[in-house]
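K.L.:
Questions regarding the structure given below will be posed in turn.
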């Protein structure tokens, strides 16, 4: 008999997924499956999937190794970069340890320069990501897809066929559709689950190595949420918050926690842990698979792009669809691109969408929890 | 019914009572906010203001707000200052609050907080900066401002309180005039506070609240930096407590 877990248990399981997959990654290695460590939403997972390899996100989320990283990197640098480098350098992250290759992109200045140091102790491959979503940029990125594919073929002595890439595109699109179906449950008012629980599933699902299994698993969670909602759970209508800005997770979940402890609910995430990574599908009809991938990934609205129209498009759409009442932008300390862009985002949210906006700058320490609490509480009191 | 607003700041605690009896007093916060909250309770009872159930509504604010265990509600200092500042200004306005450990810029639109900014993780541009520097010169707050008025600004380039203090020690060592150093200190704080303010958002009326709110010299320095008139408020240090008391009276949704 299959035991049906209740929702809180399901959410906790996802929250623990990162840790629980430590063993899974070792098993993959034992079976001879190559593991590719990645840092960014711009990374074309499909190429790696087509090779029968696994990808794992290496973005670190705790301040445990920041001090170690500061021996090499400047103190005044984004905590995500410092922490990620630190986990690699001190060999404290099992995913980093088991990665045969680490792939980065020329995204922000901090990351691309950090990779130069990382290459001293790990095989690192850096894809060239254009700064601009132009025709020339698309051409370059398409060529980068091919160059990366050829690099993988040579390094692992395997062939990556276009048919295999096409299959991977379909598999990954299905996973994205399922995840979108999950976060769309938050359109209801009151929301059927908390924003923190939603986050746990979104974040945890990135540590599921078999992307083909995601749809069934997520659909089941969604069904359970809907059944629960139909039974009439006791959640109340609360001020509805959208989180945008830098990637969050681990230490920075403090922001979600404070917002929800103070009586509001995070209805959607526009950042890399949320809609930004999932919203758009790769065109399955496009004959040129490399062009299809380049198009889809280049369209991601990250602040490293200039100008960055897709961010406002997605932000505006989410604000409308999720009846957002306030936008909280989370900026990691010393993240120049998001920090500079925050002025334009503020204008867009306040003047075009006519709802309040606040930006908070934070890092992976817990030193600012008191200050964050005062700012976010005051923001929620405004709504 | 009494409506009691208690604002426990990092340096001073302010209390405003509205309703049957009106009262306002201030006392130093000291090192223990819980003890201060107890002292306030005693003092209110001494003034025959009962805090018994059904006789009073208490709202606590300020960084020590959670220490007031007899409060009916806890509201952040932003919302309370906004409400109190609006009352003092009598119209939509911008409020600049220079507190003991933080500085706030609050924009009031249609009587409620429309936007706000607070200083980040740094004491430059707060009362704490002035306190440290006055101590270094061996003078009181009042003396610092009196000296500054007769001095020529000696620029203090460092924004960090600790580094600025060593800069001042250097100035003293080089035999610079105390008046000029004092003027430099006040100028530095006014400069840092003005950086927090979003000039584009300044409405016609701008008021200063907090411990320096009735300090004409500081108000002038700040006005010069902002190139915009800043209005001193006589009771500005009570803005947070006043707002808390008013919210105690008005806030039905808090269930109080």
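K.L.:
At a Förster distance of 41 Å, what's the computed FRET efficiency of residue A:72 paired with residue B:66, Cβ-Cβ distance as r, to 0.05?
P.N.:
About 0.50, to the nearest 0.05.
K.L.:
Evaluate 2.2 N^0.38 Å with N set to the residue count of the protein assembly as shown, then give the Cα radius of gyration divided by it.
P.N.:
Numbers: Rg = 28.0 Å, N = 639, 2.2 N^0.38 = 25.6 Å.
Relative to the 2.2 N^0.38 Å estimate, the protein assembly as shown comes out at 1.09.
K.L.:
Between residue B:139 and residue B:110, what is the label-point separation in nm under the 7 Å Cα-to-beta-carbon projection?
P.N.:
4.8 nm
K.L.:
Follow-up. Counting each DSSP H run of 4 or more residues in chain A as -39500 (n - 2.57), what helix-only mean residue ellipticity at 222 nm follows after dividing by all residues, to the nearest 500 deg cm²/dmol?
P.N.:
Helices in chain A give a 222 nm mean residue ellipticity of -15500 deg cm²/dmol.
K.L.:
Taking only Cα atoms, what is the 0 to 90° angle, nearest 10, from helix A:309-321's long axis to the longest principal axis of chain A?
P.N.:
40 degrees
K.L.:
Between residue A:7 and residue A:159, take the C-beta separation as r, use R0 = 60 Å, and let me know the FRET efficiency to the nearest 0.05.
P.N.:
0.85
K.L.:
How many percent of all Cα-Cα pairs in the range B:65-165 sit more than 16 Å apart? Spell out each step's value before the answer.
P.N.:
Working: 3414 of 5050 pairs.
I get 68 percent for the Cα pairs in the range B:65-165 exceeding 16 Å.
K.L.:
Based on the Cβ-Cβ distance of residue A:354 and residue B:228, what FRET efficiency does E = 1/(1 + (r/R0)^6) give at R0 = 41 Å, to the nearest 0.05?
P.N.:
Working: r = 26 Å, r/R0 = 0.63.
Here the calculated transfer efficiency is 0.95.
K.L.:
Can I ask one more? Can you tell me the order of A:289-299, B:230-240 when each peptide is scored by its average per-residue count of other Cβ atoms within 10 angstrom, highest first?
P.N.:
For the peptides A:289-299, B:230-240, the packing ranking is B:230-240, A:289-299.
K.L.:
Report, as a whole number in µm² per second, the diffusion coefficient that Stokes-Einstein gives for the range B:1-111 at 10 °C and 1.306 mPa s using the Kirkwood radius over alpha carbon pairs.
P.N.:
Answer, rounded: 110 µm²/s.
K.L.:
Sticking with this structure for a sec: So for the range A:163-382, Kirkwood radius off the Cα pairs, Stokes-Einstein at 25 °C and 0.890 mPa s: how many µm² s⁻¹?
P.N.:
So the translational diffusion coefficient is about 135 µm²/s.
K.L.:
Next question, about the same structure. Can you run the Rg to Rh ratio on chain A? Use alpha carbon positions and the Kirkwood inverse-distance Rh.
P.N.:
For chain A, the value is 0.94.
K.L.:
Per Stokes-Einstein, at 10 °C and 1.306 mPa s, what whole-number D in µm² s⁻¹ belongs to the range A:7-161, with the Kirkwood radius over Cα pairs as the hydrodynamic radius?
P.N.:
Numbers: Rh = 16.6 Å.
The Stokes-Einstein estimate is 95 µm²/s.
K.L.:
While we're on this one: Please list B:75-82, B:48-55, A:18-25 highest first by mean number of surrounding beta-carbon atoms within 10 Å per residue.
P.N.:
Those peptides, ordered most packed to least, come out B:75-82, A:18-25, B:48-55.
K.L.:
Now for a different question. Helix A:195-205: angle to the longest alpha-carbon principal axis of chain A, degrees 0 to 90, nearest 10?
P.N.:
10 degrees
K.L.:
With a 10 Å radius around each residue's Cβ, average the other Cβ atoms per peptide and rank B:142-152, A:73-83, highest first. Write out the running numbers ahead of the final one.
P.N.:
Working: B:142-152: 16.4, A:73-83: 21.0.
By packing density, highest mean first, the sequence is A:73-83, B:142-152.
K.L.:
A follow-up question, please. Cut-off 14 Å, label point 7 angstrom out along Cα-to-Cβ of residue A:113: give me the residues of the range A:310-353 whose amide nitrogen falls inside.
P.N.:
A:334-337, by backbone N distance to the label point.
K.L.:
On the first, second and third principal axes, largest extent first, how far apart are the outermost C-alpha atoms of chain B in Å?
P.N.:
63, 39, 28 Å, listed from the longest principal axis down.
K.L.:
Sticking with this structure for a sec: Subtract the Cα-Cα distance of residue A:147 and residue A:90 from 0.36 nm times their separation in residues, and report this length gain in nm to one decimal.
P.N.:
Contour length minus the Cα-Cα distance gives 17.5 nm.
K.L.:
At a 10 Å Cβ-Cβ cut-off, how would you order A:26, B:192, A:154, B:14, fewest neighbours first? If you can, show how the numbers build up before the last one.
P.N.:
Working: A:26 14, B:192 20, A:154 9, B:14 27.
Ordered by Cβ neighbours within 10 Å, fewest first: A:154, A:26, B:192, B:14.
K.L.:
Taking the Cα atoms only, what angle lies between the long axis of helix B:161-173 and the longest principal axis of chain B, rounded to 10 degrees?
P.N.:
40 degrees
Every read-out reported here was derived from the displayed coordinates using simple, explicitly stated rules and does not represent laboratory data. As the structure is a computational prediction, the values presented were derived from the model and not from experiment. All Cβ positions, even for glycine, are placed from backbone atoms using ideal geometry, and neighbour counts span all protein chains on display.
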